[in-house]
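The values are calculated or read from the model by the stated rules, or taken from the named source; none is laboratory data. Since the model is a prediction, treat every value here as computed from it, not as a measurement. As a convention, Cβ positions derive from the backbone with ideal geometry for all residues, glycine included, and neighbour counts pool all protein chains shown.
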Amino acid sequence: MTNLNDILHQLNSINADFSNDSDNHYTLADFSSFFYNVTSLPDVKQIIADFDAADEKILPTSLINKYLVDPAFNQEIIAKNPATNRQVMTVGLNVAVRNGVKKIGKYNNSHDKINITNTLRMNILMNDPRFRGCYMTDLIKLVKDSNSDNINHDFFITHKKLGFGTDATDEQRAKQYMKWDQANVDNPKKPTYKTLRFPDMNAALKKVRENRIIFNKSIELFIAECNIIKPERLVVFGDSAFTALHLLKNIPAIQANPAIIKLIDESIHAPHYSSINDFEKWCKTEPQKLTAALDNE
C-alpha cells in the first residue's frame, strides 16, 4: 500500500523548472494538490434536505455559514499519512488567477479561498467518497490565466493543425498568434488585451518558443503524475481541458505509455465550474450527473 507521504516524496523529487535561468525552482509538488479540506461539506443529499427543510435557497454564503466550510488544504493530513486514493485523479486546464493574485504553491491548487464560490462549486461537484483525498492537477503547468480562450490560442487547443505536437513550423504558429492578436484588438465589444501583444514577428516567435517549452515540460510532468499516482480513472473539468487531454494522444511520449492512453480514452468529462450561473441548480444537477458517470464506468 502506498501512503500520502510516499507520494509527496516522489512529487518533491521531480524537477519541474521550466527554464535553467529561472529564479523560481519548482518541483512537481508545487503543481499538485489533494482533495483534503480543513472542513468539508456534508453529502449533497443532506445539503439539499437541510435547505429544503429550512425553506432556504442554496447560496455560497449560506453553505459557509451553515456548515462552517473551510476549503483550504488541510496540512494536518500530511502527519496522518493516509493511504493513497487511486480511484480518481482530476485534471483541469491550467492554474486560474484570482483577483490579480498569481500564486503557485504546494498542494494549494483547487483550494482557492479568494473566489470561494468557484471553489465551492468544485467541492460540491466532487462530493462523492471516491474523490476523498484524490490527486488534483492541471494539464498546462506554470501558466496562470483564468481566460481559457487565451490558453486555447496560446497552445492551439482549438486550432489543432498548428499544435505543438504537429509538423507545423514556428513561423506558421507565430503568424496565427499575430492574426488572433490583431482580431482581438479590433474587437469593438470587449478585447482581452487593449494593445497588441505581438508588434512584430520576432515577438510572436519568442512567445511560440516559450509556449513550446511549457507544453513539452507539461507533458513530461503529466506523464510523471500518472506514473506516480496510477489512477484508475481521470475526471476532466471543462471542454478545453477535455479537448487538450485527447490531443495528447498525438504526442510520441504519450503514445509510448499505453496505460496513459487508456486513461485518456476512458476519461470522464465533467463540467467547468463556470458553465452554470445558477448556484442552486448546479448543486441539484451536476454532482448527480458526475456520480452517475462514475457509476457507469
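Name the residues in segment 186-222 that are of a type in the set (V, I, T) and modelled with pLDDT of 85 or more, would you? Can you show your working first?
Let us first name the residues in segment 186-222 that are of a type in the set (V, I, T), namely 192, 195, 208, 213-214, 219.
Matches in segment 186-222: V208, I213, I214, I219.
Within segment 138-153, residues that are on the phi > 0 side of the Ramachandran plot have Cβ atoms under 8 Å from residues that are modelled with pLDDT under 80 and part of a loop (DSSP other than H, G, I, E, B) in these pairs: L142/I104, counting only partners at least 6 apart in sequence or on another chain. If only residues of segment 247-283 that are assigned to a helix (DSSP H, G or I), touching a helix residue (DSSP H, G or I) at 6+ places or on another chain (Cβ under 9 Å) and surrounded by fewer than 16 Cβ atoms within 10 Å (Cβ to Cβ) are counted, the one that is modelled with the lowest pLDDT is N250. Looking at segment 24-35 only, could you name the residues that are out of contact with any Asp or Glu (no Cβ under 9 Å at 6 or more places or on another chain) and part of a loop (DSSP other than H, G, I, E, B)? Within segment 24-35, just F35 meets the criteria. Looking only at segment 25-55, residues that are crowded, with 17+ Cβ neighbours inside 10 Å, over 20 Å from F222 (Cα atoms) and hydrophobic (A, V, I, L, M, F, W, C) come to 4 in all.
Screening S22 against (1) loosely packed, with under 15 Cβ neighbours inside 10 Å; (2) at pLDDT 90 or above; (3) hydroxyl-bearing (S, T, Y) leaves a single unmet condition, (2). Hey, can you tell me all the residues within segment 179-229 that are under 18 Å from the mean Cα position of the chain (by Cα), in contact (Cβ under 8 Å) with a residue 40 or more places away in the chain and under 19 Å from L162 (Cβ atoms)? N211, I214, F215, N216, S218 - these are the residues of segment 179-229 that are under 18 Å from the mean Cα position of the chain (by Cα), in contact (Cβ under 8 Å) with a residue 40 or more places away in the chain and under 19 Å from L162 (Cβ atoms).
Based on what the data block shows, is L221 farther than 24 Å from I151 by Cα and outside any loop (DSSP other than H, G, I, E, B)? Steps first, please.
Details: farther than 24 Å from I151 by Cα: no; outside any loop (DSSP other than H, G, I, E, B): yes.
No, not satisfied.
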